[in-house]
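The values are calculated or read from the model by the stated rules, or taken from the named source; none is laboratory data. What you are looking at is a predicted structure, and each value in this text was computed from that prediction instead of being measured. Note that we place each Cβ from the backbone using ideal geometry, even for glycine, and neighbour counts take in every protein chain shown. Remember, those area values only see protein heavy atoms, side chains included, never the ligands or the DNA or RNA. Shrake-Rupley method; radii C 1.70, N 1.55, O 1.52, S 1.80 Å.
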Amino acid sequence: MVRHFLKLGFRNLKKNLSNTLVHIFSLSLGIAILLVISIFVKNELGIDNFHTNSSRITKVSYGKSSGTPGPLSELLRNNFPEIQNATHIETHQLFALSPILSYNSNPIEIEKYYSVDSNFFSVFNFQVLQGDIKNALNSPFSMILTESEASRIFKDKNPIGETIIWRTSEDFSFTVQAIVSDNPQNSSIQFHGLISEASTKKMTPYYPDNWGFGVYETYLLLHANIDSKKLVKKLRSFLVEYYDSNLSSYSCYDDARATPLNLQSIREVYFNKELAHDTTNRGNLFLIRVLIAVGVIIMLLSIINYVNLSTARASLRKKEIGVQKVFGSSKVTLILQYLTETVMISFFASIIGVIITLLLLPGFSQFMGFDQSLRFSSSFLVLLLPGILLLGIIAGFYPALYLSSLREISVLKKDSGPRSKGRILRYFLVVFQFFVSITLIAITFLINQQVIFLKEKDLGIEKEHVIYAKLPRLLMRGGKEVFTERLHQLPEVQKVAYSSKVFGEIDGYNNLELEGRTFNFTTMWVDAEFIDFYDLQLVKGRFFSREMMSDRNATALLNEAAVREFDVKDPFEIEIRVPGGNAKVVGIVKDFNFKSLHHKIEPLAIIYLPGQGAYANIRLSSNNIQQAIDEIEGVWEELAPGFPFSYHYLDASFDNLYKSDDQMGKAISYASLVAIIIAILGVLSLSLFVCESKVKEIGIRKINGAKVWEVILGLNKGFAINLLIAFIVACPVSWYIMHKWLDNFAYKTHISPWIFIGSGLIISVIAFIIVSGQSWRFANMNPAETLRNE
């Protein structure tokens, strides 16, 4: 029986080859898009699941900050039996002095290097390929590299035992002790190199054991079945008591009360946008939801195409069905026969879909900013066979039921035409395709309009023609004055200023207790020239004075948002805690946007501390920027030999804040293109069928004097009504989706009516061209040929 169905199925598919190819291509596109999105979603939602105890690993935060003191992990591990193990990593201070590596006297720029303690590999399960991990994490000046990083530095040479120089203010010799595999793509912790904490203690002995510096990220491995909420309460009470009993207010802030401790699963951290001082990779849960919806919709469009075309062409198979029924075929037999055909189409479409997926994955991975390409895992192959069967049943069930329900007498009549029930379904499905296409195009327009708005909005600071670079220790300690003086001698350099962070990348949080309330705010350290560099506007008070030495590390400016947030009578009485003392507020500056426009302007404190200015901000004239950069690089190499000049454009850094929004816009643009292609295939085949079914009617109209344009207009009328209905439905739906998405931004563009009109026009023009092309061909046929058999 199965063999008979397969044989008959092949015959029918071959008989209607053009129709079969449309079905296969349409379904394969939907399958490919759904597979690519599924692989991406599986990677994102499976974050860190390769760790053996991933469900029991939690990250410690103080309020909204992942920055915790160095001694915290050991203190908690030793005092709470619920904690099986604890570890911490550090990279902020490790990179504060802009280190580079040197191998065979060749400078090597680095990123994503962490200092880790000896428990790191007891909590996390990164695969060790070579060397002794335990010894590497206990010995000073030992280094662990990933496989690709070792290959980048040492090429084909065995790296184990090789010596490499860590260059900062001093040179430190490190020995490569172990190699680990490249971090899995679904790891929230991505590193290229690790150095032992024993090394950090030798290089910066005051950081690891100092409660006053929250520069570490602490992870806890809990025992099984521990209630993390109850544990958090115990940890908070313990820390309040510990801070009161063991720590001085002069040596550290009372973080236990001001920013109470929290625990978050590492999987939760990946999608948490609020945490500051955090090196964890970030995922976009909203983007995942959007892509899932887009993938399902495109797959649904492919299935709709199949159902639509199959029911539309049912009249061509009526006699076949009627004859089979006359000769005794049951309804079940006919359904199984037709489902066999759809499963065969599903099989061929799945094979092509998998091939398209494999071709798309490298480009999609690069588009999403992944270091490694996403992989088509074996789990998808296991699901492929039942998926093919399920897809065939879903796509073919209604057409099979529709065909098998036709009665013998009616289907064998010569003038029997499509039933009204089938026509209504086809109209509904065509309307749905147009509706989805119009909605996706409208959303694409809105996202692109919003991204352009964000990039072009006036932030209140001048960010054009500004570059910034992180200073090496040679320039940061004692070389700034000479570097600044040399830069001012260059004709293309207009201004130079220094800051602890650059606008767009500020993530530092401080806290302040006023009248029994605790406030969190952003902090940055600058020199006196920084104010004029960005032309900050003074609202009240005064700016820093370079001539007044007492201003250094003792004065601060607040923005208007901070004044509103603190809500005190006299903001000039406020003192902000800084390392080694307090900084008194001396001025209020006008609000400006220093972060992403997703958020309102946050409270900001600008502290006058020139020594902490790790970043050089350089404003250039617009005459010859590249020549100016080349000249700056020459000065840099002269004053800091061996340290590469790595610079960035400030406006590009701000644009990068909207990378995920840009990705979403492009992803929906590509999805819209695929949806339009699928809709085109549907309209093309359906219009061909309509023309074929009305070929005699067209011939009679022409004999009675109808013009070609009248015939074309008549055939376009049905599709025009479908388009109008789709447009009316798509407008409010797409407006609602746009409105909800724009709620993610504090600053947003307006939703213009032209977005909807333009989207409707695009689909209308495409549909008109397709239907008119088919209509024109049939309208120009000789009526004598079409009516010969009547």
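Taking PHE483, is it within 22 Å of ILE461 (Cβ to Cβ) and either buried (at least 18 other Cβ atoms within 10 Å of the Cβ) or among the hydrophobic types (A, V, I, L, M, F, W, C) (or both)? So PHE483 does not fit the description; no. When the residues of the range 275-305 are filtered to those that are outside any helix (DSSP H, G or I) and open to solvent by less than 20 Å² (accessible area, probe 1.4 Å), the one that is farthest from SER65 (Cα to Cα) is GLY283.
Looking at the range 53-74, can you tell me whether even one residue there is under 24 Å from LYS201 (Cα atoms), at pLDDT 90 or above, in a strand (DSSP E or B) and of a type outside the set (Gly, Ala, Ser)? Checked against the condition, which is being under 24 Å from LYS201 (Cα atoms), at pLDDT 90 or above, in a strand (DSSP E or B) and of a type outside the set (Gly, Ala, Ser), the range 53-74 yields at least one hit.
Considering only residues that are at pLDDT below 90 and within 25 Å of TRP525 (Cβ to Cβ), which ones fall in the range 75-108? If the condition is that a residue be at pLDDT below 90 and within 25 Å of TRP525 (Cβ to Cβ), then GLU90, THR91, HIS92, GLN93, LEU94, PHE95, ALA96, LEU97, SER98, PRO99, ILE100 are the ones that fit.
Hey, among the residues in the range 748-758 that are within 25 Å of GLU602 (Cβ to Cβ) and in contact with a helix residue (DSSP H, G or I) (Cβ under 7 Å, 6 or more places away or on another chain), which one's least open to solvent (accessible area, probe 1.4 Å)?
The selected residue is THR749.
Looking at the range 628-639, I want the residues that are more than 17 Å from ILE100 (Cβ to Cβ) and part of a helix (DSSP H, G or I) and have a partner that is modelled with pLDDT of 90 or more and open to solvent by 40 Å² or more (accessible area, probe 1.4 Å) with Cβ atoms under 6 Å, at least 6 apart or on another chain. Which pairs are those? Taking only residues 6 or more apart or on different chains, the pairs are VAL635/ARG486. Being over 24 Å from PHE120 (Cα atoms) and in a helix (DSSP H, G or I) is a property that ARG267 lacks.
Among the residues of the range 266-281, those identified as over 16 Å from SER660 (Cα atoms) and either in contact with a Leu (Cβ under 7 Å, 6 or more places away or on another chain) or free of Cβ contacts under 8 Å to residues at least 24 places away in the same chain (or both) are GLU268, VAL269.
In the range 166-182, what residues are of a type in the set (S, T, N, Q) and modelled with pLDDT under 90? Selection gives THR168, SER169.
Please work out if THR58 is more than 25 Å from the chain's Cα centre (by Cα) and either over 23 Å from VAL232 (Cα atoms) or in contact (Cβ under 8 Å) with a residue 40 or more places away in the chain (or both). Here the answer is no, as THR58 does not meet what is asked.
For the range 683-704, the count of residues that are open to solvent by 30 Å² or more (accessible area, probe 1.4 Å), in contact with a helix residue (DSSP H, G or I) (Cβ under 9 Å, 6 or more places away or on another chain) and modelled with pLDDT of 80 or more is zero. Looking only at residues of the range 759-781 that are surrounded by fewer than 15 Cβ atoms within 10 Å (Cβ to Cβ) and among the β-branched types (Val, Ile, Thr), we find that the one that is modelled with the lowest pLDDT is ILE769. Taking the criterion of being in contact with a helix residue (DSSP H, G or I) (Cβ under 9 Å, 6 or more places away or on another chain), assigned to a loop (DSSP other than H, G, I, E, B) and open to solvent by 30 Å² or more (accessible area, probe 1.4 Å), the residues of the range 75-95 that qualify are GLU82, GLN93. Of all the criteria given as (1) without any contact (Cβ under 8 Å) to a residue 60 or more places away in the chain; (2) closer than 23 Å to ASP527 by Cβ, the one not satisfied by LYS569 is (2). Pairs linking a residue in the range 170-191 that is closer than 17 Å to GLN130 by Cβ to a residue that is part of a loop (DSSP other than H, G, I, E, B) and open to solvent by less than 50 Å² (accessible area, probe 1.4 Å), with Cβ atoms under 6 Å and 6 or more positions apart or on different chains, are VAL176/PRO159; VAL176/GLU162; VAL180/PHE126; ASN183/GLN190. Counting the residues of the range 495-513 that are surrounded by 14 or more Cβ atoms within 10 Å (Cβ to Cβ) and modelled with pLDDT under 85 gives 9.
Of the candidates GLY613, GLY581, GLY642, the single residue that is closer than 30 Å to SER660 by Cα and at pLDDT below 90 is GLY613. Screening the range 722-747 for residues that are outside any helix (DSSP H, G or I) and surrounded by 17 or more Cβ atoms within 10 Å (Cβ to Cβ) and picking the one that is nearest to the chain's Cα centre (by Cα) gives PHE745. Scanning the range 531-569 for residues that are of a type outside the set (Gly, Ala, Ser), out of contact with any strand residue (DSSP E or B) (no Cβ under 8 Å at 6 or more places or on another chain) and modelled with pLDDT under 90 gives ARG546, GLU547, MET548, MET549, ASP567, LYS569. Give ALA583, ALA605, ALA614 a once-over and let me know the one that is free of Cβ contacts under 8 Å to residues at least 40 places away in the same chain and within 14 Å of MET524 (Cβ to Cβ). Among ALA583, ALA605, ALA614, only ALA583 is free of Cβ contacts under 8 Å to residues at least 40 places away in the same chain and within 14 Å of MET524 (Cβ to Cβ).
Restricting attention to the range 65-74, which residues are surrounded by 18 or more Cβ atoms within 10 Å (Cβ to Cβ) and out of contact with any Cys (no Cβ under 8 Å at 6 or more places or on another chain)? Matches in the range 65-74: SER65, SER66, GLY67, THR68, GLY70, LEU72, SER73.
Keeping to the range 192-224, report how many residues are more than 22 Å from LYS134 (Cα to Cα) and at pLDDT 90 or above. Within the range 192-224, residues that are more than 22 Å from LYS134 (Cα to Cα) and at pLDDT 90 or above number 2. A search for C-beta distances below 7 Å between a residue of the range 133-160 that is of a type in the set (Asp, Glu) and any residue that is open to solvent by 30 Å² or more (accessible area, probe 1.4 Å), counting only pairs 6+ apart in sequence or on different chains, returns GLU147/LEU129; GLU147/ASP182; GLU149/HIS192. Could you say which residue among GLU464, GLU492 is farther than 30 Å from ILE297 by Cα and surrounded by fewer than 18 Cβ atoms within 10 Å (Cβ to Cβ)? From the options GLU464, GLU492, the qualifying one is GLU464. Looking at the range 640-656, which of its residues are open to solvent by 40 Å² or more (accessible area, probe 1.4 Å), in contact (Cβ under 8 Å) with a residue 60 or more places away in the chain and over 19 Å from ILE110 (Cα atoms)? Correct list: TYR649, ASP651, ASP655, ASN656. In summary, GLY504 fulfils each of the numbered conditions (1) in contact with an Asp or Glu (Cβ under 8 Å, 6 or more places away or on another chain); (2) closer than 23 Å to ARG564 by Cα with the single exception of condition (1). Of all the residues in the range 518-563, those that are part of a strand (DSSP E or B) and open to solvent by less than 90 Å² (accessible area, probe 1.4 Å) number 17.
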